[in-house]
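Accompanying notes for the structure given below.
The values are calculated or read from the model by the stated rules, or taken from the named source; none is laboratory data. Please read these numbers as outputs of a predicted model, since none were measured by experiment. All Cβ positions, even for glycine, are placed from backbone atoms using ideal geometry, and neighbour counts span all protein chains on display. All accessible areas refer to the heavy atoms of the entire protein, side chains included, with ligands and DNA or RNA removed. Shrake-Rupley method; radii C 1.70, N 1.55, O 1.52, S 1.80 Å.
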Amino acid sequence: MHKKKVTPPYSHLYEIFTREMSNEFPFNGLLDSPTNEIEVIVKFNGDIERIARDLDAEAEIIYQNYAIITIDKTKLNELNSYTEVEHIELPKNLYFEGPNNISASCINAVQRQNGYNLSGKGVIVAIIDSGIDYMHPDFRNNDGTSRILFIWDQTVVGTAPIGFFSGGEYNNQQINNAIQSPDPYLIVPSMDTNGHGTAVAGIAAGNGRSSAGVNIGVAPEADIICVKVGYRGYASFARSTELMRAVKYVIEKAKRFNKPICINMSFGMNNGSHRGDSLFETFLTEISTDWKTSIIIPTGNEGSAGHHYSGKIDTNQIQEIEFFTAPGLESLYLSLWKNFVDSFSVEIIFSDGSSSGVIGIESQTKTVRKPNFVLNVFYGQPTHYSAAQEVFFTMTSTNAPIQAGISKLRLIAQTIVDGNFEIWLPTLEEVSAQTFFSNPSIYNTLTIPSTSEKVIRVAGYNDRVGNIAVFSGRGNPNNNSFLPDIAAPAVDILTTKTGGGYDTFTGTSVAAPFVTGSAALMMQWGIVNNNDPFLYGERLKAFIRLGAARRRDIIYPNASFGYGTLCLENSMNYLRDYRLGGDYFWLQI
C-alpha cells in the first residue's frame with residue numbers, strides 16, 4: 001500500500017466531510033448517524049480489506065473493485081490518502097416509485113398451454129423493495145408451502161446473511177414454519193408495512209390463489225427472493241449502499257441455486273447528473289453482466305412533477321429560475337449540472353424577498369444562515385468519471401420548516417462557451433407535488449438508477465387509452481442512450497396487497513414488474529428449456545425491444561415509450577423464428 005498526498009478536493013465531497021465533522025451543518029441527513037461512523041462507496045484497486053483494517057473500518061466488497069466502507073468520519077481523509085482508493089462517493093437516499101393488464105402486454109398467449117406454456121418455473125424473480133407479505137396466499141404453492149426461497153430484511157436485528165453485517169435472513173423452511181405458526185412474526189419478523197413490495201411481487205410472480213387463479217401474475221411458478229431494503233435499524237428508508245448490497249445478495253443466491261435471475265428494483269432519486277456516471281450507477285452497469293442476470297428498473301414518476309429545469313445561458317446574461325417550495329419541508333436540494341468551461345455565479349432570492357448574496361466559484365463552498373434554515377452551496381469539480389460540474393444547493397431547517405412560497409435561483413453568467421445547464425429538485429416522494437419549477441421540462445426526467453447502462457428501463461402507460469402516463473419519466477430526446485426501453489401498464493393495476501386480497505396501484509413501479517415477469521418467462525424458455533442459453537442481459541433486452549407494439553403515427557424510439565409497449569408474444573415469436581435459424585444462431589462470428 002502507498003499513501004498519496006491529499007490535494008485540494010476535486011469535488012464538494014471532502015468539504016462536506018470536513019464541515020460535517022466540525023458540526024457546522026447537517027448535510028441533508030446523508031452523514032447523520034447515531035454513532036460517529038458513516039458509510040461511503042469506494043472504487044478501489046488492490047487490498048481494500050487491509051486498508052480497512054489499518055483504519056479500524058469495515059469493508060464489504062460488493063463487486064470486483066467496488067466496496068462499501070463503514071468508517072469513522074474523522075478518518076475519511078486518511079482513507080482518501082491511499083493510492084488504492086480511486087474514488088469515494090457518499091450514499092444517497094432513494095424512494096419507492098409509488099404505485100389486470102396482462103392481456104394488454106400480450107402475456108396470456110405465452111402462458112397458455114396451447115401457446116408457449118411458460119410460467120417462470122426454474123427462474124428466480126428477485127424483489128428489492130419494501131418487503132413482501134409472505135403470508136399472502138399468492139406467494140404459496142398449492143400445498144400451502146411458500147414459494148419464497150429467502151427474505152433478507154435489512155431493517156431488523158437478526159442473523160445476517162453470510163458475507164453481510166446487518167439485518168435478518170430467513171430461508172424457505174423458516175418461512176414455512178412461520179406460515180404454520182399461530183404467531184408467524186415471532187419466527188419471521190419481516191413485515192411489508194408499506195405494501196409496495198407486495199404489490200410489485202404480485203404483478204411479477206403472484207399465482208392468484210386468493211382469487212382462484214383470476215388475478216394471476218406474469219410468472220406464477222417462479223421462485224421468489226425478497227430483500228426488504230432499509231437503513232440499519234430504520235424501516236422503509238433506503239440508501240444506494242443498501243441497494244448495492246441487495247443486488248449482490250440476490251445474484252449470489254442465483255449462482256448458488258444455478259438459476260437465472262431477473263431483478264426488480266422500483267426505486268428512484270434525482271440527486272445526480274442523470275448521465276449514469278455515479279459509482280452507484282456504474283456498479284449496477286457492471287454487475288448486470290454477472291451471471292445470468294437481467295435488472296429491471298422503472299423510469300420513475302417525475303414526468304409531470306415539475307422537478308426538472310433545462311436551460312441555456314449566454315455570456316454576461318442573467319437568468320432567473322422560479323421555483324415553489326411546499327409547506328412543512330425540513331430539507332430541500334437543487335442539483336445544477338453544467339459544462340465546466342462555463343463560468344457563472346449564483347444567487348437565491350428566498351420567498352421572503354431576502355437574498356443569499358451572489359456566490360461565485362471562487363468561494364467553492366458558501367454557508368448562508370437564515371432564521372429558520374441554513375443554505376449551503378457547493379461548486380463541484382470534474383472527476384475522472386465525469387467532465388461535468390455540479391453546483392449543489394441544500395437548505396436544511398433549524399428552528400422551523402423551510403418557509404413555503406416562491407423562490408428564485410439567479411444565474412449570473414460571465415464567460416460562456418457551451419451554455420447548456422440542467423437542474424433537478426428532489427422527487428415527489430421527498431418533497432411532494434407542491435414543490436416545483438414554474439417552467440419545468442418533462443424531458444430527461446428518468447430517475448436514478450434507471451439511468452444506468454445495461455438495465456431495462458420501463459416507462460408507464462395507460463393501456464386503456466394507449467397514452468403514455470402523464471407521470472412517467474421521460475428520456476433525453478437528444479440522446480438515445482438515455483431513453484426508456486419499453487413501456488408497460490402503469491395505471492390502476494390490480495395486484496396483491498399486504499394483509500391479503502387485492503387492490504389497485506398506479507405508477508411506473510407497477511409497470512416494471514410486468515417486464516420482470518416477462519423476462520422470467522423468456523429465461524424459462526431460453527435457459528431452463530435450453531432453447532437459447534444466453535437469453536439474459538442485453539440479449540433479452542434486445543428482444544423485448546424488438547417485440548414491442550408500435551403505433552404507425554409515432555416515431556420510435558422516443559423519450560416517452562422508448563421502443564414501444566410491451567408485447568411478450570411478439571418477442572417470443574421473434575425468438576422462436578431466430579431459433580429456427582439454426583442451433584448456433586447465438587454464436588458470434
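Check E302, E330 and return the single one that is touching a strand residue (DSSP E or B) at 6+ places or on another chain (Cβ under 9 Å), at pLDDT 95 or above and among the charged types (D, E, K, R).
None of the other options fit; the residue is E302.
Okay, residues lined up against (1) over 23 Å from the mean Cα position of the chain (by Cα); (2) of a type in the set (D, E); (3) buried (at least 19 other Cβ atoms within 10 Å of the Cβ):
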{"residue": "I48", "(1), (2), (3)": "yes, no, yes"}
{"residue": "D54", "(1), (2), (3)": "yes, yes, no"}
{"residue": "A57", "(1), (2), (3)": "yes, no, yes"}
{"residue": "I69", "(1), (2), (3)": "no, no, yes"}
{"residue": "P91", "(1), (2), (3)": "no, no, yes"}
{"residue": "C106", "(1), (2), (3)": "yes, no, yes"}
{"residue": "R112", "(1), (2), (3)": "yes, no, no"}
{"residue": "G115", "(1), (2), (3)": "yes, no, no"}
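Any chance the stretch 484-497 includes a residue that's open to solvent by 10 Å² or more (accessible area, probe 1.4 Å) and among the polar types (S, T, N, Q)? Can you show your working first?
Keep residues of the stretch 484-497 that are open to solvent by 10 Å² or more (accessible area, probe 1.4 Å), which gives 491-492, 494, 497.
From the residues that got through so far, the ones that are among the polar types (S, T, N, Q) too are none.
No, every residue in the stretch 484-497 fails to be open to solvent by 10 Å² or more (accessible area, probe 1.4 Å) and among the polar types (S, T, N, Q).
Hey, could you check the stretch 295-315 for residues that are polar (S, T, N, Q) and open to solvent by 10 Å² or more (accessible area, probe 1.4 Å) and say which is nearest to V200 (Cα to Cα)?
N301
Conditions (1) among the hydroxyl-bearing types (S, T, Y); (2) part of a strand (DSSP E or B); (3) farther than 20 Å from E430 by Cα, marked per residue:
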position	(1), (2), (3)
K366	no, yes, yes
Q389	no, yes, yes
S407	yes, yes, no
I416	no, no, yes
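Can you confirm whether the stretch 420-436 contains a residue that is of a type in the set (D, E, K, R) and at pLDDT below 95?
Yes, the stretch 420-436 has at least one match.
For A199, indicate whether it is small (G, A, S) and within 15 Å of D133 (Cα to Cα).
Here the answer is yes, as A199 does meet what is asked.
Can you tell me which residues in the stretch 423-442 are surrounded by fewer than 24 Cβ atoms within 10 Å (Cβ to Cβ) and part of a helix (DSSP H, G or I)?
E429, E430, V431
Quick one: what pairs do we get from the stretch 542-570, first residue farther than 20 Å from N476 by Cα and modelled with pLDDT of 95 or more, second open to solvent by 20 Å² or more (accessible area, probe 1.4 Å) and among the acidic types (D, E), C-beta under 9 Å, 6+ apart or different chains?
Between residues of the stretch 542-570 that are farther than 20 Å from N476 by Cα and modelled with pLDDT of 95 or more and residues that are open to solvent by 20 Å² or more (accessible area, probe 1.4 Å) and among the acidic types (D, E), the close pairs are G547/E569.
Under the condition of being open to solvent by less than 40 Å² (accessible area, probe 1.4 Å) and over 17 Å from G357 (Cα atoms), which residue from the stretch 405-420 is farthest from the chain's Cα centre (by Cα)? Steps first, please.
Keep residues of the stretch 405-420 that are open to solvent by less than 40 Å² (accessible area, probe 1.4 Å), which gives 405, 407, 409, 411-413, 416, 419.
After this cut, where a residue has to be over 17 Å from G357 (Cα atoms) as well, the list is 405, 416, 419.
Values: G405: 30, I416: 34, G419: 29 Å.
Per the stated criteria, the residue is I416.
Check every one of the strands (runs of 3 or more DSSP E) wholly within the stretch 480-589 and list those with 1 or more residues that are in contact with a strand residue (DSSP E or B) (Cβ under 9 Å, 6 or more places away or on another chain) and closer than 26 Å to E453 by Cα.
486-489
Return yes or no: is I318 open to solvent by less than 10 Å² (accessible area, probe 1.4 Å) and among the aliphatic types (A, V, I, L, M)?
no
Which residues, taken from the stretch 443-472, are in a loop (DSSP other than H, G, I, E, B) and either among the acidic types (D, E) or surrounded by fewer than 20 Cβ atoms within 10 Å (Cβ to Cβ) (or both)?
Within the stretch 443-472, Y443, E453, K454, D463, R464, V465, G466, V470 meet the criteria.
Need the failing condition index for V250 against (1) open to solvent by less than 30 Å² (accessible area, probe 1.4 Å); (2) within 24 Å of Y563 (Cα to Cα); (3) not basic (K, R), just the number.
For V250, the exception is condition (2).
Given the conditions (1) modelled with pLDDT under 90; (2) out of contact with any Ser or Thr (no Cβ under 7 Å at 6 or more places or on another chain); (3) on the phi > 0 side of the Ramachandran plot, which single one is not true for D56?
With respect to (1) modelled with pLDDT under 90; (2) out of contact with any Ser or Thr (no Cβ under 7 Å at 6 or more places or on another chain); (3) on the phi > 0 side of the Ramachandran plot, D56 is out only on (1).
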